[in-house]
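What follows is a set of notes on a single structure, which appears directly below.
The values are calculated or read from the model by the stated rules, or taken from the named source; none is laboratory data. Since this is a predicted model, take the numbers as computed values, not measurements. Cβ sites come from the backbone with ideal geometry, for glycine too, and all protein chains shown count toward neighbours. Heads up: the accessible areas ignore ligands, DNA and RNA and are worked out on the full protein's heavy atoms, side chains in. Shrake-Rupley method; radii C 1.70, N 1.55, O 1.52, S 1.80 Å.
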Amino acid sequence: MATKAIYSEVKNNGLGYWGVLGFFGLLVLGGVYAFLHMHEGHYTTGMDNQIVWGLPHVFAIFLIVAASGAANIATIGTVFGQQVYKPQGRLSIILAASLLVGGLVVLLLDLGSIGHVIEMAKGSMNFKSIFSWNMFLYSGFVMILTLYLWTMMARSKVAKFLYKPFGILNMFWRFMLTMGTGSIFGFLIARQYYDAAIMAPLFIVSSYVFGTAIYTIVLMVTYKFTGRELGDVVLNRLRNSLAVYIVLVLFFEMTRHLTNLYATEHHGVEAYILTGGFSNLFWYGQILLGSILPIFLIWCRCLKNNRLAHLGAVIFAVIGGFIQIYVILIGGQSYPLVLFPNAETSSSFFEGINNAYSASLAEWLLGIGGVGIALALLTVGVKVLRLLPTSLADAVVEPTHVK
């Protein structure tokens, strides 16, 4: 049976802590500059009336989906009673909340004007639109994460009683949120590369990859620089889980592409993604770098318990996940709309033309600024709240473990 975890905040007040926080602050300032630059409209960016979702949306969707996966660590401990994961619940929840806020800020600021945000809030909801559903799913997730963290940290009987119910609620809400995000694409029948019900489960499984990978990076870096002990039991659980999640993503991607290749109407877009303009990003970025290489680094026997290989695997998984969202979002828009099936169209309005897109500096800065917000919130959180167990050594999390 695991020893009861003792939590403490980060007590380092030195130059290192403030330097890290200051660096994240610079990223946020870059995002502020980008917002002010884009305030005049999207014509200042690489987006146009063909590519209406650009790089900031890639960052936003990646962060939001990763937030759902990061909260899964807490779910495994609370709902499924896995003792190894229970002490990690607090860090899991604060990371999920930070990633979600960072992604939502990018989404809002990408509108280009605060006035647009106000009008969106004032407007009536169209419940036939998945975007309207997501307004409730995102705000509800923030509230659930806050209350879930309270049940973990408070000592009252009420908090203890509500701990597992909120864990279950968090699990089901994450499913709905990620399914809703994936359904944005699944319901868009006008785009040949979207329009697939499998997008919902694909995004759910992808969230586990993104969230587990980012959580592992945060855990390893935080424990390294705070001098806390992190054992192999915890890392091996995360390592093996990540590999399984990556295999599942590959399975869903293979199923999606094989299904599209079976349907004649999707042959054009499949050829464009797999052998055309996005083939290098898909095959070398998402599949080779972001999937095959991490699986090799995790399951190669000669690299067992090698933390450098594990860190490399999770970093490559994050890069591959970001490329996956880029290919889906930008690649799907880049392929021209099929207005008249089985007919050729030609006009001055881009019919039948692959749409080029190159992200501007402002778009990069806005997306990176969202990452900066997430990391800054996390850095402040571990400083002011007791989120980190003082030790995650093997003898603490699993005393019966035999090396």
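Suppose we keep only residues that are under 19 Å from residue 368 (Cα atoms) and open to solvent by 10 Å² or more (accessible area, probe 1.4 Å) within region 53-76. Which one would you say is farthest from the chain's Cα centre (by Cα)?
Restricting to residues being under 19 Å from residue 368 (Cα atoms) and open to solvent by 10 Å² or more (accessible area, probe 1.4 Å), the top hit is 53.
Mind checking which pairs have a first residue in region 273-291 that is over 26 Å from residue 241 (Cβ atoms) and a second that is not in a helix (DSSP H, G or I), Cβ under 7 Å, 6 or more apart or different chains?
273/193; 277/354
For residue 223, are the conditions met, namely being touching an Asp or Glu at 6+ places or on another chain (Cβ under 9 Å), at pLDDT below 95 and not in a helix (DSSP H, G or I)?
It is false that residue 223 is touching an Asp or Glu at 6+ places or on another chain (Cβ under 9 Å), at pLDDT below 95 and not in a helix (DSSP H, G or I).
Please work out which residue is farthest from residue 334 (Cα to Cα), limiting yourself to region 172-185 and to residues that are open to solvent by 10 Å² or more (accessible area, probe 1.4 Å) and in contact with a helix residue (DSSP H, G or I) (Cβ under 7 Å, 6 or more places away or on another chain). Show your work before the answer.
First, the residues of region 172-185 that are open to solvent by 10 Å² or more (accessible area, probe 1.4 Å): 172-173, 175-176, 179, 183-184.
Now drop any that are not in contact with a helix residue (DSSP H, G or I) (Cβ under 7 Å, 6 or more places away or on another chain), which leaves 173, 175-176, 179, 183-184.
On the way: 173: 32, 175: 29, 176: 28, 179: 24, 183: 19, 184: 17 Å.
If we take residues in region 172-185 being open to solvent by 10 Å² or more (accessible area, probe 1.4 Å) and in contact with a helix residue (DSSP H, G or I) (Cβ under 7 Å, 6 or more places away or on another chain), then 173 is farthest from residue 334 (Cα to Cα).
Keeping to region 319-340, report how many residues are open to solvent by 40 Å² or more (accessible area, probe 1.4 Å) and modelled with pLDDT under 95.
5
If you take the residues of region 203-235 that are in contact with a His (Cβ under 9 Å, 6 or more places away or on another chain) and open to solvent by 20 Å² or more (accessible area, probe 1.4 Å), which of them is nearest to residue 11 (Cα to Cα)? Walk me through how you get there before you give the answer.
Quick first cut of region 203-235, residues in contact with a His (Cβ under 9 Å, 6 or more places away or on another chain) only: 216, 220, 231-233, 235.
Checking which are open to solvent by 20 Å² or more (accessible area, probe 1.4 Å) leaves us with 220, 232.
Working: 220: 18, 232: 25 Å.
If we take residues in region 203-235 being in contact with a His (Cβ under 9 Å, 6 or more places away or on another chain) and open to solvent by 20 Å² or more (accessible area, probe 1.4 Å), then 220 is nearest to residue 11 (Cα to Cα).
Out of the residues in region 184-214 that are assigned to a helix (DSSP H, G or I) and over 15 Å from residue 62 (Cα atoms), state the one that is modelled with the lowest pLDDT.
Per the stated criteria, the residue is 186.
When residues of region 266-286 are filtered for being within 20 Å of the chain's Cα centre (by Cα) and open to solvent by 30 Å² or more (accessible area, probe 1.4 Å), how many remain?
Counting residues in region 266-286 that are within 20 Å of the chain's Cα centre (by Cα) and open to solvent by 30 Å² or more (accessible area, probe 1.4 Å) gives 1.
With the requirement that a residue be assigned to a helix (DSSP H, G or I) and open to solvent by 20 Å² or more (accessible area, probe 1.4 Å), what does region 28-52 give you?
28, 29, 32, 33, 35, 36, 37, 42, 43, 44, listed by residue number.
Quick check on my filter: what residues within region 154-170 are more than 10 Å from residue 78 (Cα to Cα), out of contact with any helix residue (DSSP H, G or I) (no Cβ under 7 Å at 6 or more places or on another chain) and not hydroxyl-bearing (Ser, Thr, Tyr)?
The answer is 154, 155, 157, 158, 160, 161.
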